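Presented below is the structure to which this report refers.
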Amino acid sequence: MALVPFNELMVAAEEGQYAVGYFESWNLESLLATADAAEATRSPVILGFSGIYLPHPRRQVREPLSVYAAMGLAVCRNLTVPCCLLFNESPVLDWVLEAIDLGFNLVMFADEKLDPERLADTVARVVERAHARGVAVEAEMNALPGIHHELRATDVAPLDDPHAARAFVERTGVDALAVNVGQVHVHGRNQVRLNLERLAELRRAVPVPLVLHGATSIYPPDLAEAVRLGVRKINVGSILKRTYLETLRDASNRVGSAYNPYDVIGSGFPEDVLAQARVAVQERIAEMMYLFGSAGKAA
């Protein structure tokens, strides 16, 4: 099946009444864990990378986006389930435009520092460039609290206004809208509840598929209800990195002093700590695919 246009994924999700998960990767192991989970569950899937951290100026190592694009596209083209590749939520416009040229078939520009007028204008510019190349665009009107830092006492979960959301979509021409209905980035330390009434209002008002970010911290029954109400894409990130780190730490702690470094790093054997972490991420993703209703929906 390999790569398909994002809009095709969304049409199928609407017909099947499920949500397609975007499971954010950070290296080859996490990318392959996502692919393996999709194959094992026969689920459509969105793969991709963070547009916040790859170009971040605090990085100690600089890595070209072209390498990630090549890696992601190679994995996608080997899949037998419908998939697409996303460059997610980047405040760096040049990187978003480069992602379009490199073959990502879904991109997202987001910059919480911009005022609403400038944000809409910039998103519209991205849409014009992307659509000319057959690439879809996701956007959001407001960033979720906590994405860059720990939440402060003054941070509150925003609620998007349905009328403003519709106007934003009509002005920019985006293909999907990430909405804020009570979720915040607390990275799984607590669970938050969604304002499902507001979500239903947004679904009635907005003419494109709705997206939920911050799934790690959302009360799971609310996620299932959000899918029933019409959310067709759900972003998952923090729980995957937590699963990877905690499994890697536990596996490393079990390695004795007389270890063979070739066995415990990179062999793919059961004692390989990296492989153990990868499998744990795959299992976590599979669980969420069942929760989103996408398992078994690949043609």
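FYI, it's all coordinate maths here, none of it is from the lab. Note that the structure is a prediction, hence the values are computed from the model and not measured. So basically every Cβ, Gly included, is an ideal-geometry build from the backbone, and we count neighbours across all protein chains shown.
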Item to check | Options Val231, Val273, Asn253, ranked by Cα towards positive dipole end of the chain, top entry (Cβ charges) | outcome: Asn253
Checklist entry - Using the eigenvalues of the Cα gyration tensor, what equivalent ellipsoid semi-axes result for the chain when each is taken as the square root of five times the eigenvalue, whole Å, largest first? => result 30, 21, 20
Next on the checklist: Over the chain, what is the relative contact order in percent, taking alpha-carbon pairs closer than 8 angstrom and at least six residues apart?
Outcome noted: 22 percent
Item to check | 0 to 90° range, to nearest 10: angle between helix 65-78 axis and the chain longest Cα axis | outcome: 80 degrees
Item to check | Those aspartates and glutamates that a straight Cα-Cα span of less than 14 Å connects to Lys297, excepting residues fewer than 8 apart in one chain | outcome: Glu8, Glu14, Glu15, Glu39
Next on the checklist: I'd like the orientation of helix 220-229 relative to the chain: the angle between its Cα long axis and the longest Cα principal axis, in ° from 0 to 90, rounded to 10.
Outcome noted: 40 degrees
Next on the checklist: Which aspartates and glutamates, if any, have their Cα less than 15 Å from the Cα of Lys113, not counting same-chain residues under 8 positions apart?
Outcome noted: Glu89, Asp121, Glu140
Checklist entry - What order, most packed first, do the peptides 254-260, 292-298, 164-170 have when packing is the mean number of other Cβ atoms within 10 Å of each residue? => result 292-298, 164-170, 254-260
Checklist entry - What does the charge count near Ala275 come to, summing +1 for each Lys or Arg and -1 for each Asp or Glu among other residues with Cβ under 12 Å from its Cβ? => result -4
Item to check | Dipole moment magnitude, nearest 20 debye, the stretch 1-121 about Cα centre, only Lys, Arg, Asp, Glu C-beta charged | outcome: 380 debye
Checklist outcome for this item: Per the charge dipole of the stretch 6-292 (beta-carbon charges, Lys/Arg positive, Asp/Glu negative, Cα centre), the residue among Ala12, Val75, Leu144 reaching farthest to the positive end is Leu144
Checklist entry - Which value, in debye to the nearest 20, gives the size of the charge dipole of the chain about its Cα centre, when Lys and Arg are +1 and Asp and Glu are -1 at the Cβ? => result 160 debye
Checklist entry - Roughly how tilted is helix 273-292, in degrees to the nearest 10 and between 0 and 90, from the longest Cα axis of the chain? => result 30 degrees
Next on the checklist: Quick check for me: using +1 on Lys/Arg Cβ and -1 on Asp/Glu Cβ, what's the dipole size of the stretch 166-221 about its Cα centre, in debye to the nearest 20?
Outcome noted: 120 debye
Next on the checklist: Which chymotrypsin sites (Phe, Trp or Tyr not before Pro) in the stretch 20-105 sit in a loop by DSSP (not H, G, I, E or B) and have at most 15 other Cβ atoms within 10 Å of their own Cβ?
Outcome noted: Tyr53
